[in-house]
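Data block below; observations after.
Since every read-out is calculated from the coordinates, none of them should be taken as a lab result. Predicted model, so just to flag it, every value in this text is computed and none were measured. Using ideal geometry, Cβ is built from the backbone for each residue, glycine included, and neighbour counts are taken over all protein chains shown.
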Amino acid sequence: MHSFKELIAQFSQQFDQWHFPGEPKNLYNAASHILGIGGKRIRPVLCLMGNELFEDLHQDAFHVGNAVELFHNFTLIHDDIMDKAPIRRGQPTVHMVYGDTAAILAGDVMLINVYEHLNKVQARYKQKIISVFNKAAIEVCEGQQIDMDFEKMEPEQVQYDDYVRMIGLKTSVLLAASLQLGAIIGGGSEGNQDHIYSFGKNIGIAFQIQDDFLDAFGDPDKFGKQQGGDILVNKKTFLLLKALELCNAAQRAELKKLMETSPDDKVNRVLDLFRTCKVDEWAEKEKERFQQKAFASLEDIAVLSARKKPLMELADFLLNRQQ
């Protein structure tokens, strides 16, 4: 068994290289830009951990991990274009450096390269691997579209449960599928695959609550993003939706006014309202609720408890991070 950090080192050693041809430079430099500025490599390492939960690491887990990481970065390039985001991981986003057209094409070519890696796995489970991956990829796109649809709606029109469903699609399913893909390679039973998928999905929702919290309250130098970026663009997050529910009428009116007028001190004033309504305290409790659901699923997986320890440590890392 390997720790999360050990698996990151193993994965990064074989992944952190040039993945594309040399020409045309504007296309492949753009595709390499986001890979070159790093990342936590959480999703591919989840694939390795899903494999190792049941059996010794297999080379196929690295092939699938490469595919998952390329797909994840493809979605980030396109998400940043849609969100008009200037910064990613503390660096200018791909479209800010290379323009929208090159960024879109760079994402496209990364997606195509995903299947070059998936096609390297053993034939005996290739069909299942591609099926699970494709389902997750489609759901990520569905989640992004729902998120974009939410942006056109008034906050009161977005129900909390609908938002949780959207996050489950946009963020959680790829974490969950990464674990399941590894479990398939490791020979996990269908029942155990279901349990590890549920673990990943609930950790993913808790992870997004933490992400929303850090966007609002985190240190931008550590988090690598503009503080209050979601607030500035009136993004419907766990915090905003819950604030509209918890605030009194006067506070709700002030919050809506800030969203409509966007004064220079908007972020600080919204954060003050969040604190007054105790949304920061609620977020911690809600994160804990999904974390406990995840741990219940992990407990149901029929393997020795010692083999689950790295996943417990990973959950702690993800949900108690400051960046």
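In the chain, Cα pairs under 8 Å separated by at least six residues give a relative contact order of 20 percent. In degrees between 0 and 90, to the nearest 10, how far off the longest principal axis of the chain does helix 173-186 point, with axes built from Cα atoms? Once rounded, one gets 20 degrees. Over all directions, the projected convex hull of the C-alpha atoms in segment 42-103 averages 4.9 nm² in area. Helical content alone sets the calculated 222 nm signal of the chain at -24000 deg cm²/dmol, taking -39,500 (n - 2.57) per DSSP H segment of four or more residues and averaging over every residue.
For the chain, the longest principal axis of the Cα atoms and the long axis of helix 4-15 meet at an angle of about 70 degrees.
Computing FRET efficiency as 1/(1 + (r/R0)^6) for residue 232 and residue 135, where r is the C-beta to C-beta distance and R0 is 41 Å, gives about 0.75. Working ranking of peptides 61-68, 140-147 by packing, defined as the average number of other Cβ atoms within 10 Å per residue, highest first, is 61-68, 140-147. Kirkwood analysis of the chain, using all unique Cα-Cα pairs, places the hydrodynamic radius at 20.5 Å. What angle do you read, to the nearest 10 degrees and between 0 and 90, between the alpha-carbon axis of helix 266-276 and the longest principal axis of the chain? The helix 266-276 is inclined about 90 degrees to the chain. Label sites at residue 100 and residue 289, each approximated as a point 7 angstrom past Cα along Cα to Cβ, lie 3.9 nm apart. Pairs from the table (201/308; 235/287; 235/285; 40/126) lying more than 23 angstrom apart at Cα are 40/126. For the chain, a Gaussian network of Cα nodes joined below 10 Å ranks 180, 159, 291 by mean-square fluctuation, and the top entry is 159. Out of the trypsin sites (Lys or Arg not before Pro) in segment 77-153, which ones are loop residues according to DSSP with at most 12 other C-beta atoms within 10 Å? Answer by residue number: 84, 152. Between rounded, prolate and oblate, where does segment 28-170 land on the alpha carbon gyration tensor, with a ≥ b ≥ c its root eigenvalues, rounded for a/c under 1.5, else prolate if a/b exceeds b/c? Oblate, because a/c is 1.5 or more while a/b does not exceed b/c. Reported value for segment 234-312: 108 Å³ per residue, from the convex hull of its C-alpha atoms. Using a simple spin-label model with pseudo-atoms 7 Å out from Cα toward Cβ, residue 128 and residue 256 lie 5.3 nm apart. When the alpha carbon gyration tensor of segment 1-79 is reduced to an equivalent ellipsoid, its three semi-axes come out at 26, 12, 11 angstrom, largest first. Label zone (residue 302, point 7 Å along Cα-to-C-beta; backbone nitrogen cut-off 13 Å) within segment 157-189: 188-189. Per residue, the average separation of C-alpha pairs within less than 8 Å and at least 6 apart gives segment 178-298 a relative contact order of 37 percent.
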